[in-house]
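J.: Sharing a structure below in structure tokens format, with a few things to ask.
The values are calculated or read from the model by the stated rules, or taken from the named source; none is laboratory data. Computed from a predicted structure; not experimentally measured. With ideal geometry, Cβ positions are generated from the backbone for all residues, glycine too; neighbour counts draw on all protein chains shown. In case anyone asks, the SASA skips ligands and DNA or RNA and just uses the protein heavy atoms, side chains included. Shrake-Rupley method; radii C 1.70, N 1.55, O 1.52, S 1.80 Å.
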Amino acid sequence: MEDIKKKNLLLFFDRPTEPCFMQKGEEKVVFDIPDHYYPEKYKALSSSLSNRFGNDAKRTIPIRNIALPNLNFAKQLPYNDQFSVFLPTHRQMAGRLIDIFLDDTKGMNIPTLTETFPDKFMDPKVFRQARQSTNVVKKGPRLPVTIPQNLTASDQEPEQRVAYFREDIAINLHHWHWHLVYPFDLSTGGIVDKDRRGELFYYMHQQIVARYNIERFCNDLPRVVMFKDLRAPIEEAYFPKLDSQVASRAWPPRFPGSVIVDLDRPVEQIKIEVSDMERWRDYIIQAIEENAVLLPGTSGRKMPLNPETGIDILGNIMESSILSVNRGYYGDYHNMGHVFISYVHDPDHRNLERPGVIGDSATAMRDPIFYRWHAHIDDIFQMYKNKLPPYTRNNIVYDNINVTSIKVEGPAGTNVFGTFWERSTVELGRGMDFTPRGSVQARFTHLQHEEFNYVIEVNNKSGNYAMTTVRIFMAPVFDDNGNTMTFDVQRKLMIELDKFTQSLKHGMNTIRRRSLDSSVTIPYERSFRNQLNRSGTAGDQSVAEFDFCGCGWPHHMLLPKGTTKGYPVTLFVMLSNWDDDRISQDLVGTCNDAASYCGIRDRRYPDRRPMGFPFDRPGAPHVKNLQNFITENMAITDCTIRFTDEIRDRKQ
């Protein structure tokens, strides 16, 4: 019975912009709601509306007349306004709603956002074509609607060369889902206070900026220029080519040379000055310089930023969750940066405009300024990391474990990664607010790579079996000026490809690992997961895992694009001592295959080392380049990423 109730609740995610008394789902289900539950404008018509939609319904769900919780606080945001998790008033509303409804909705198989709100991910022309397709073919198979590549700008705009990354549907889904799993403001225990949450905020976004910079290098673009002078013009324009289905508005553009100014928007209860942001930034930097954060109160007490927990404390301050040690003093720097930029076109609401795409976690990564803002945020984190002592030999060496080589094998050849364009389909029908009903698919083109295997040769000289953590990273060889990089520059561009535990017998070992098994990524089927494939009963363990498993970097974006000539990269592997890495916990039945960027549901982060280890700190004075850093339990090899500019249809 409980399972049926939750399946009924899921019908509210079908065509969410339509009133709840209209037919839902392909089986034509109708909610029979009490008259006074109807919106004011429909109350006088409740009987006729009930008859109209209920006459040909295949199933009717009676809604009991019960005392409703007080939701007046949520009504401060009109139903046809856009929601932003970065706005303090909005996330407080969301937090209170979660507190109210969590017990009743826990374990629900919520559809992926591309199904319910596809307008956040694609050009409105797609929906016009879909409407035509559904009217031509009322029932049965319909031809997919094609989403064109490079839809937001012409080749005259240099930033368009990396639009395939910024506007990738699954990348934006990942960012939205990460913030869904790691919210800011909730009183319900444990939902915000997850293990190493602040550090994970730092590391996941640091990896995004590193990945984006490598994509830029592959496309003859310079690295991202930090947006750190809050009063400087934002040179890049961005025209999103999106319509908001909820607000019935086009997402506003940002024009070149825009300058952020003080915000005074009563409708969102925001009145804040740029100087507030500058003050918060200076306080955070002061804490890093003093290696201690100020605690609340008048006593002036401070908490040290030690090497074990300092980055986590700073992460929770920077994103300003309820875990911030002193929210009133250190403010809301990261989130309000998104807000300031998102309202740069209408800071005082005189034009009644909504926020730009950077104000929504589902669309923020489309905008080039996202990466400039996060490059600045990461630079502040790096100020702290640079103050930590370099790792000593004892910190990184695994005695008697010698890595003799690493190589890659795959269809593209030895030590060659092959990339290409792939054409795939995604289901949109649930979010379409027009008739007739049924499947509506969109066909889109994204980057993809040939699958490959890592082959690692290891000599275990210990005389016994040994357990190790295998850490695999990739970095470019040359910077954006074509110069060989120093260690300190290259380490910040190391992107994590995989991390796993491996047993070693005495003597020589050959470790083979599939790229498909990456600890960073989730497969295409999970990014665009079909809820009909979800097994289990709502509320049970398997269902909760299914929902959490939507968090993860999309596997088709595991590798940078490369170039047609072959882009040179360095592949790095390290085998560290599992006894120094391990976290004692039961992982049976949990989703842990994309743990590097997303952690593990209801568990500790599965690695005792700092995230990004061993590249999260500067090297010792003698370490001028990566070769100087290598110890016997590490290996590097030169590889290339060769891009084939062809489109292949995805094998279903």
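J.: Can you compute the FRET efficiency between Lys58 and Leu97 using 1/(1 + (r/R0)^6), with r the Cβ-Cβ distance and R0 = 30 Å? Round to the nearest 0.05.
T.: Result of the calculation: an efficiency of 0.45.
J.: Run the simple label-point estimate for Thr146 and Glu646 please: 7 Å along Cα→C-beta, distance reported in nm.
T.: 1.8
J.: If I stretch the segment between Lys7 and Leu352 completely, what's the gain in nm (0.36 nm per residue apart, minus their alpha carbon distance), one decimal?
T.: 120.4 nm
J.: Which residue, Pro390, Pro307, Thr445, has the largest displacement toward the positive end of the dipole of the range 301-457 when charges sit on each Cβ (Lys, Arg +1; Asp, Glu -1)?
T.: Farthest towards the positive pole: Pro307.
J.: Extending each Cα 7 Å along its Cβ direction at Leu516 and Arg443, get the distance between those two points in nm, one decimal.
T.: Label at Leu516, label at Arg443, 2.5 nm between them.
J.: Also: With a Förster radius of 35 Å, plug the Cβ-Cβ distance of Asn65 and His345 into 1/(1 + (r/R0)^6) and report the FRET value to the nearest 0.05.
T.: 0.15
J.: How many nm is it between the label spots at Asp195 and Ser503, if each spot is 7 Å from the Cα in line with the beta carbon?
T.: So the label points at Asp195 and Ser503 sit 2.2 nm apart.
J.: Nearest 20 debye, what's the magnitude of the dipole of the range 161-387 about its Cα centre given +1 on Lys and Arg Cβ and -1 on Asp and Glu Cβ?
T.: 220
J.: Using Cα pairs under 8 angstrom and six or more residues apart, how large is the relative contact order of the range 161-387, in percent?
T.: After rounding, I find 29 percent.
J.: While we're on this one: Can you list the residues of the range 74-97 with backbone N under 16 Å from a point 7 Å past the Cα of Tyr42, pointing along Cα to Cβ?
T.: 79-80
J.: Suppose the chain between Arg249 and Thr392 were pulled fully straight at 0.36 nm per residue; how much longer would it get relative to their current alpha carbon spacing?
T.: Working it through step by step, the gained length comes to 45.9 nm.
J.: Pull up the cross-link candidates among the aspartates and glutamates for Lys624, meaning alpha carbon to alpha carbon under 17 Å and not fewer than 8 places away within one chain.
T.: Once the sequence-local aspartates and glutamates are set aside, what remains near Lys624 is Asp479, Asp488, Asp616.
J.: So for Arg64, Arg648, what's the accessible-area order with a 1.4 Å probe, most first?
T.: Sorted descending by solvent-accessible area, the residues read Arg64, Arg648.
J.: Under the 0.36 nm per residue contour assumption, what length would be gained going from the current alpha-carbon distance of Ser462 and Ala153 to full extension?
T.: Stretched out fully, the Ser462 to Ala153 stretch lengthens by 105.4 nm.
J.: Would you check the accessible area of Val259, probe 1.4 Å, heavy atoms only, in square angstrom rounded to 10?
T.: 60
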